[in-house]
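Chemist: Supplied in structure tokens, the structure appears directly below.
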Ligand code: GRF
């Protein structure tokens, strides 16, 4: 069984990246971690794991230039799977069409509820009793592609927003790792 090549796109902390790095018996190789933020902590996590990194700072380029640079980089990397793990830029349609059925995204709610930014806060404010996380294929509409996997998280009376956030992140780490491993078998 050959190992599959994965590129992970991040913008910040990279705790989900860390979960994919730490997964035992990996059937995939993370060939590059790409960030739109030069200071993203996730880039340090990648370096400590000896994974090549690339930063294309979204502040230094126009949207058009950024999109073109990202597209070229990912074409050159020629990965089997592109994992958006806390990547906060909206991808261009050209990018999405170029990697049809190769991009997955992680979102901290049970989609289609609470799309967009601050999904955990949105669920908290709405007072729902169950929320969770979703992994889906990326299409041209934000947080709307075909769902691959979901995991529910109950909101209990002892939760604070901070505790709930931590519990959802813990759930994301497990779900993302298992989905990436599973998809790596199916290419
Ligand atoms: C995760 O909650 C993910 O669902 C959202 O951004 C967060 C990234 O966290 N898209 P981290 O950078 O992996 O710690």
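Chemist: Looking only at residues in the stretch 1-20 that are surrounded by fewer than 20 Cβ atoms within 10 Å (Cβ to Cβ) and under 19 Å from residue 77 (Cα atoms), which one is farthest from the ligand (Cβ to nearest atom)?
Modeler: 2
Chemist: Conditions first: (1) surrounded by fewer than 22 Cβ atoms within 10 Å (Cβ to Cβ); (2) modelled with pLDDT of 95 or more; (3) outside any helix (DSSP H, G or I). Residue 65 passes all but one, so which condition is the exception?
Modeler: Exception for residue 65: condition (3).
Chemist: Additional query: Would you say residue 111 is assigned to a helix (DSSP H, G or I), crowded, with 17+ Cβ neighbours inside 10 Å and at pLDDT 95 or above? If you could, list the steps in order and put the result at the bottom.
Modeler: On the way: assigned to a helix (DSSP H, G or I): no; crowded, with 17+ Cβ neighbours inside 10 Å: yes; at pLDDT 95 or above: yes.
No: the conditions fail for residue 111.
Chemist: Among the listed residues 102, 63, which satisfies the condition of being without any contact (Cβ under 8 Å) to a residue 60 or more places away in the chain, more than 16 Å from the ligand (Cβ to nearest atom) and within 14 Å of the chain's Cα centre (by Cα)?
Modeler: The conditions single out 102.
Chemist: Within the group 82, 31, which residue is part of a strand (DSSP E or B) and closer than 22 Å to residue 140 by Cα? Write out each step before concluding.
Modeler: Working: 31 fails: closer than 22 Å to residue 140 by Cα.
Step by step, each of 82, 31 is checked, and only 82 is part of a strand (DSSP E or B) and closer than 22 Å to residue 140 by Cα.
Chemist: Can you find a residue that is away from the ligand (no atom under 16 Å from the Cβ) and within 15 Å of the chain's Cα centre (by Cα) anywhere in the stretch 88-99?
Modeler: So in the stretch 88-99, the residues away from the ligand (no atom under 16 Å from the Cβ) come out as 92-99.
If we keep only those that are within 15 Å of the chain's Cα centre (by Cα) as well, we get 96.
Yes, the stretch 88-99 has at least one match.
Chemist: Is there a residue being touching a residue at least 24 places away in the same chain (Cβ under 8 Å), assigned to a strand (DSSP E or B) and over 26 Å from residue 97 (Cβ atoms) anywhere in the stretch 169-180?
Modeler: Of the stretch 169-180, the ones touching a residue at least 24 places away in the same chain (Cβ under 8 Å) are 169, 171-180.
With assigned to a strand (DSSP E or B) added as a condition, the list becomes none.
For the stretch 169-180, residues touching a residue at least 24 places away in the same chain (Cβ under 8 Å), assigned to a strand (DSSP E or B) and over 26 Å from residue 97 (Cβ atoms): absent.
Chemist: Does any residue of the stretch 39-47 turn out to be at pLDDT 95 or above, within 18 Å of the chain's Cα centre (by Cα), assigned to a loop (DSSP other than H, G, I, E, B) and closer than 24 Å to residue 176 by Cα?
Modeler: Yes.
Chemist: Out of all the residues in the stretch 72-79, is one or more over 19 Å from residue 138 (Cβ atoms), assigned to a helix (DSSP H, G or I), away from the ligand (no atom under 16 Å from the Cβ) and modelled with pLDDT of 95 or more? I'd like the intermediate steps shown before the answer.
Modeler: Within the stretch 72-79, the subset over 19 Å from residue 138 (Cβ atoms) is 76.
Within this subset, residues satisfying the condition of being assigned to a helix (DSSP H, G or I) are 76.
Restricting the remaining residues to those that are away from the ligand (no atom under 16 Å from the Cβ) gives 76.
Restricting the remaining residues to those that are modelled with pLDDT of 95 or more gives 76.
Within the stretch 72-79 (the criterion being over 19 Å from residue 138 (Cβ atoms), assigned to a helix (DSSP H, G or I), away from the ligand (no atom under 16 Å from the Cβ) and modelled with pLDDT of 95 or more), the answer is yes, since at least one residue qualifies.
Chemist: Just to be sure, is residue 38 free of Cβ contacts under 8 Å to residues at least 24 places away in the same chain, within 16 Å of the ligand (Cβ to nearest atom) and farther than 22 Å from residue 145 by Cβ?
Modeler: Details: free of Cβ contacts under 8 Å to residues at least 24 places away in the same chain: yes; within 16 Å of the ligand (Cβ to nearest atom): yes; farther than 22 Å from residue 145 by Cβ: yes.
Against the criterion (free of Cβ contacts under 8 Å to residues at least 24 places away in the same chain, within 16 Å of the ligand (Cβ to nearest atom) and farther than 22 Å from residue 145 by Cβ), residue 38 qualifies.
Chemist: Run down 131, 156 and say which single residue is loosely packed, with under 11 Cβ neighbours inside 10 Å and over 16 Å from the mean Cα position of the chain (by Cα).
Modeler: Answer to the selection: 156.
The values are calculated or read from the model by the stated rules, or taken from the named source; none is laboratory data. Quick caveat, the model's predicted, so the values are computed rather than measured. Backbone-built Cβ (ideal geometry, glycine too); neighbour counts: all protein chains shown.
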